[in-house]
1. Suppose every Lys and Arg Cβ carries +1 and every Asp and Glu Cβ carries -1, with no other charges. What dipole size does the chain come out with about its Cα centre, to the nearest 20 debye?
2. Going by alpha carbons, how many degrees (0 to 90, nearest 10) lie between the helix axis of 87-105 and the longest principal axis of the chain?
3. Which percent of the accessible heavy-atom area of segment 169-221 goes to carbon and sulfur, probe 1.4 angstrom?
4. Using Cα springs under 10 Å in a Gaussian network model of the chain, which residue among ALA57, ALA205, ALA344 shows the largest mean-square fluctuation?
5. Return the single residue from SER179, SER63, SER12 with maximal mean-square fluctuation; model: Gaussian network over the chain, springs between Cα atoms under 10 Å.
6. Please give every one of the lysines within straight-line cross-link reach of LYS83, meaning a C-alpha to C-alpha distance under 23 Å, and leave out same-chain neighbours fewer than 8 residues apart.
7. Quick one: if you stick a label point 7 Å off each Cα along the C-beta vector at ALA212 and ALA344, how many nm between them?
8. Can you pull a Stokes-Einstein diffusion coefficient for segment 42-105 at 4 °C (1.567 mPa s), Rh from Kirkwood over Cα pairs, as a whole number of µm²/s?
Amino acid sequence: MHQAPTTKHRFSYWEHQSFFGPADMAIIGAGLVGLTAALYLKQRRPHWHVVVLERGALPSGASTKNAGFACFGSISELIEQEKRGDLQAAVAARCEGLARLRELLSDAALDYQPVGGYELFRHEEAELAAECRDKIDYFNALLAPVVGHARTFRDASAEAGRFGFGGVGTLLKNEHEGSLDAGRMMRALLARAWAADVPVLTNCAVESIEAATTGQLLQLSNGATVVAGKVLLATNAFASELLPGVAVAPGRGQVLVTEPLPTVALPGTFHYDHGYAYFRQLPDHRILLGGGRNLDFAAEATTAPGLTEPVQAYLENLLHEVIVPGRRPRIDFRWSGVMGFGPALAPLVEWARPGLLAAVRCNGMGVAMGAGTGWRVAQLLAGE
């Protein structure tokens, strides 16, 4: 009588031994938090077998879908965030995370550019512009111990003319923001992970995590199972699928990229509408523009990929009326990415139960918070 097929009959002996075999640490999610946690953990525990499991062919969250802003907040954003917690500590964590990311991978690998960041205010937003302008000295003093400079923000309205914006009356500049290439960042992290003997297994969605006598038992959608001593859940907005009730809500961000516009020069990163809209010029002269989830928070509180007509129309109007007034460039790329949000400014890093740690909720600041969160997670997992 033939034995009924099991998981062990679907994969080879070699695959079981080298990829799905018992692990000291299984990390769910190959985004910025998951991969940096893996690298920092291997630095502390080089003898540990660490494996990263990713549901998609590429990271499925926002790590490869973000705008590549190395930022820590425009003044209008900081005004609102200060109402929710310790702003100085939050900005310190963002600056630390960016510093760790740059140290871990190098500016060359990231294509990091210290271009500075601008916040735009249209003429009809003069009242908000005045409120933010009046806060420049306050935030400069608050952030000086964190940023290490006495002057982070300044009024740059005199520069508005050189960008060719339409209807913009005020520009405020953050001197210490930059940009990076999100795709190169993730390729570098993936290469570093494999070089550190950390297998990153794609198309390996985790369907369940169960406590077992030998640790944590992970059932994968491809039929394989992985037993790990400890598990890190680093799937951000998708965390509730495996950990119902976790305090993180999804927020979808929609993005578009134009055809190359070689006659346009926009050095810097740009924020608008309390930070809910953002844009920058890419090295090949295309304009990347994203945001608009504040038009309908409920509709964008989803993990489903997709584009909506109201948000795309908002972004295109901003492009045509403000960024390149009078022009209608072709749109060559459109996509969406899902971020994780919550009431607190800090990411959520906590033990869901013995052996299962969750590290989620970067509140739209994943580029700034990811490496710092990964470093903190590695300390916890290594027992330091």
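1. 960 debye
2. Roughly 60 degrees between the two axes.
3. Details: 1080 of 2300 Å².
Looking at segment 169-221 in its full context, I get 47 percent from C and S.
4. So, out of ALA57, ALA205, ALA344, the one fluctuating most is ALA57.
5. SER12
6. Once the sequence-local lysines are set aside, what remains near LYS83 is LYS135, LYS173.
7. So the label points at ALA212 and ALA344 sit 3.1 nm apart.
8. The Stokes-Einstein estimate is 86 µm²/s.
The values are calculated or read from the model by the stated rules, or taken from the named source; none is laboratory data. From a predicted model like this one, the values you see are computed outputs, not experimental measurements. Ideal geometry is used to build each Cβ from the backbone, glycine not excepted, and the neighbour counts take in all protein chains shown. When the accessible area is computed, the model is the full protein with side chains, heavy atoms only, and any ligands, DNA or RNA have been set aside. Shrake-Rupley method; radii C 1.70, N 1.55, O 1.52, S 1.80 Å.
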